[in-house]
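The values are calculated or read from the model by the stated rules, or taken from the named source; none is laboratory data. Computed from a predicted structure; not experimentally measured. Ideal geometry is used to build each Cβ from the backbone, glycine not excepted, and the neighbour counts take in all protein chains shown. SASA here: full protein model, heavy atoms, side chains in, ligands and nucleic acids out. Shrake-Rupley method; radii C 1.70, N 1.55, O 1.52, S 1.80 Å.
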Amino acid sequence: MEERPISDISFRKFLAEEKLMGSKCGKCGKLYVPPRHFCYECGSSQMEWHEMKGEGELAAYTCIFVCPAFMAEEGYGRKNPYCTGVVALSEGLRVVARIEGVDASKPESIKIGMPLKVTFLHRGEGDKAKTYLAFKPA
């Protein structure tokens, strides 16, 4: 794997390549997603990239009916809400991400504990291209 610095920029580049990467402490093995420059557990700066499996389960969620402008540009809003959630990864970490493939207009249909698999949302083109982390039902 190409050497990249542990940074938000590198994390975003991995997302664009459809890889969910975290950082792993070379001293105590603690994992972080998003990546951290140093270990909060032991204070080590010996961090390395670690590819996550991209599997987990829904730990918490919210359905958003009043959205920020960039989400409104994607067609979301009061009549077309979207879902954001906390995903408990199989590695034992939790990460916040969009939840796709669920009916956000019927929050009661979304179940805590449902198995999820990572997916990547590519938006825009050229210099404005961005990739967002998301999960969908497995």
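Identify all residues within region 85-113 that are in contact with an Asp or Glu (Cβ under 7 Å, 6 or more places away or on another chain) and open to solvent by 40 Å² or more (accessible area, probe 1.4 Å); write none if there are none. The answer is Ser90, Ser109. Within region 67-83, can one find any residue that is part of a strand (DSSP E or B) and closer than 22 Å to Gly22 by Cβ? Looking through region 67-83, none of the residues is part of a strand (DSSP E or B) and closer than 22 Å to Gly22 by Cβ. Check whether at least one residue in region 53-72 is in contact (Cβ under 8 Å) with a residue 60 or more places away in the chain and open to solvent by 70 Å² or more (accessible area, probe 1.4 Å), and report yes or no. Yes, there is a match, as at least one residue in region 53-72 is in contact (Cβ under 8 Å) with a residue 60 or more places away in the chain and open to solvent by 70 Å² or more (accessible area, probe 1.4 Å).
To keep it simple, each residue is scored yes or no on (1) of a type in the set (Gly, Ala, Ser); (2) under 17 Å from the mean Cα position of the chain (by Cα); (3) under 30 Å from Glu3 (Cα atoms).
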{"site": "Ser44", "(1), (2), (3)": "yes, no, yes"}
{"site": "Gly56", "(1), (2), (3)": "yes, yes, yes"}
{"site": "Ala69", "(1), (2), (3)": "yes, no, no"}
{"site": "Leu93", "(1), (2), (3)": "no, yes, yes"}
{"site": "Val96", "(1), (2), (3)": "no, yes, yes"}
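In this entry, Glu48 passes the filter for residues that are open to solvent by 50 Å² or more (accessible area, probe 1.4 Å), closer than 23 Å to Ser7 by Cβ and in a strand (DSSP E or B). Screening Gly75 with (1) closer than 30 Å to Glu125 by Cβ; (2) buried (at least 16 other Cβ atoms within 10 Å of the Cβ); (3) out of contact with any His (no Cβ under 7 Å at 6 or more places or on another chain) gives one miss only, at (2).
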